[in-house]
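The values are calculated or read from the model by the stated rules, or taken from the named source; none is laboratory data. For clarity, every value in this text was computed on a predicted model and none was experimentally measured. Cβ atoms come from the backbone with ideal geometry, glycine included; neighbour counts cover every protein chain shown.
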Amino acid sequence: MEGSMRNIVGLFFKAPEKIQLDWDIRSPMIDLDEFRFFLAPRKTSRHKTSKAAAGAASRKARRLARQLEIVMESCNVNMRIAVDKLNYRRFDAAQVMAAVSLTQSDILLQQVSLAHAGGSLRLNGAVHPQGNNNRFKLNGSINNVHIDQLFYAFENFGMQSLTSRNLKGILSARANINGNLHDNGQLAPGSMYGELSFDLKQGALVHFAPLEDIGTFFFRKRNLSNITFDNLSNTLQLKGNKIIIPPMQISSSAIMMDVSGVYGMPRGTDIYLEVPLRNPEKIAKKGKRGFTLHLRATDDNKEGKVKIKLGKQ
């Protein structure tokens, strides 16, 4: 670690909150869980100096030491961070570069870049510490990461029916989101709002129970336990405990479907599906869908498990 303080001579006693600390930090490994204390609101320390004259050297030393604590708690900090490996709960990253600023009220994240799950992440944002209700705002991009590893690292983003075990593919995405973090670093349920645009290539749905249930009744000759597709893209709206899915088409190896609706976290799912009975290869050749099956995916309002049944919107 290397650092320097600006304007320290003139502001050390008079206005420590105006002092700026520039700090370069390099490390081969950091466990981010050890830095959760940054989520606590910064203390504004005030020290009342003694009215008696401080003539003795020992008294001056004690006063300087106490004032230095006040300066460190009050000053603005600009950190340039370079970390070879970073870990937080399930999340692992490498080649981490970031500019982080600590002000009296916020943690500012600037030019954050890292390698994760075979790809890379870049983001800018801010966290406003407020005890157990830390407000955050992030604007970032995900480039060519393995979606199953990403879902595992972020604990399936609070989803129960769709997990890292059900997903394969290479994901790129852009996100503009805000939400709340608890003081233990966990995402507050139902607090995330914003927009997520994604593009999934070489994708697959593996042993996704709701689709396997469809196969049991309507598509017994098709393998709905491993549905592959070349490309899937959409822009999702995040609204608290709901993900709004605008109309999109999934063209896969075994089935074609039009999908739209709401995915609830953990409950409130109501997704509408139109599924042509004709094989996707025949649809591609003839350009006609034939008979279409109308389905709805809803949860049971108890355990949050999604089930698919016949029905229209």
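Quick notes
- Residues that are modelled with pLDDT of 85 or more, more than 18 Å from residue 248 (Cβ to Cβ) and touching a Ser or Thr at 6+ places or on another chain (Cβ under 7 Å) within region 207-231 comprise just one, 207.
- Cβ pairs under 7 Å, 6+ apart, first in region 265-280 and over 30 Å from residue 240 (Cα atoms), second modelled with pLDDT of 90 or more and part of a loop (DSSP other than H, G, I, E, B): none
- Answer from 104, 110 - the residue that is touching a residue at least 60 places away in the same chain (Cβ under 8 Å), over 19 Å from residue 194 (Cα atoms) and loosely packed, with under 15 Cβ neighbours inside 10 Å: 104
- Residue 222 satisfies every condition listed in (1) free of Cβ contacts under 8 Å to residues at least 12 places away in the same chain; (2) charged (D, E, K, R); (3) assigned to a loop (DSSP other than H, G, I, E, B) except (1).
- Near pairs, Cβ below 7 angstrom, 6+ apart or cross-chain, from region 59-77 (surrounded by 12 or more Cβ atoms within 10 Å (Cβ to Cβ)) to any residue that is among the acidic types (Asp, Glu) and at pLDDT 75 or above: 74/17; 75/17
- Candidate set from region 265-313 (those that are modelled with pLDDT of 85 or more and among the small types (Gly, Ala, Ser)); member that is nearest to residue 155 (Cα to Cα): 268
- Checking residue 151 against (1) modelled with pLDDT under 90; (2) buried (at least 18 other Cβ atoms within 10 Å of the Cβ), the condition it does not meet: (1)
- Count - residues of region 238-255 that are in a strand (DSSP E or B), in contact with a Leu (Cβ under 8 Å, 6 or more places away or on another chain) and in contact (Cβ under 8 Å) with a residue 24 or more places away in the chain: 2
The rows are residues; the columns are (1) under 21 Å from residue 166 (Cα atoms); (2) part of a strand (DSSP E or B).
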{"position": "230", "(1), (2)": "yes, yes"}
{"position": "236", "(1), (2)": "yes, yes"}
{"position": "263", "(1), (2)": "yes, yes"}
{"position": "282", "(1), (2)": "no, no"}
{"position": "293", "(1), (2)": "no, yes"}
{"position": "309", "(1), (2)": "yes, yes"}
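- Number of residues in region 152-182 that are in contact with a strand residue (DSSP E or B) (Cβ under 6 Å, 6 or more places away or on another chain), outside any strand (DSSP E or B) and under 19 Å from residue 263 (Cα atoms) equals 2.
- Per the listing 190, 185, the residue uniquely of a type outside the set (Ser, Thr, Tyr), touching a helix residue (DSSP H, G or I) at 6+ places or on another chain (Cβ under 6 Å) and farther than 21 Å from residue 273 by Cβ is 185.
- Taking the criterion of being under 18 Å from residue 72 (Cβ atoms) and modelled with pLDDT of 80 or more, the residues of region 19-44 that qualify are 19, 20, 21, 22, 23, 24, 25.
- Tally, over region 190-209, of residues that are farther than 11 Å from residue 166 by Cα and more than 20 Å from the chain's Cα centre (by Cα): 2
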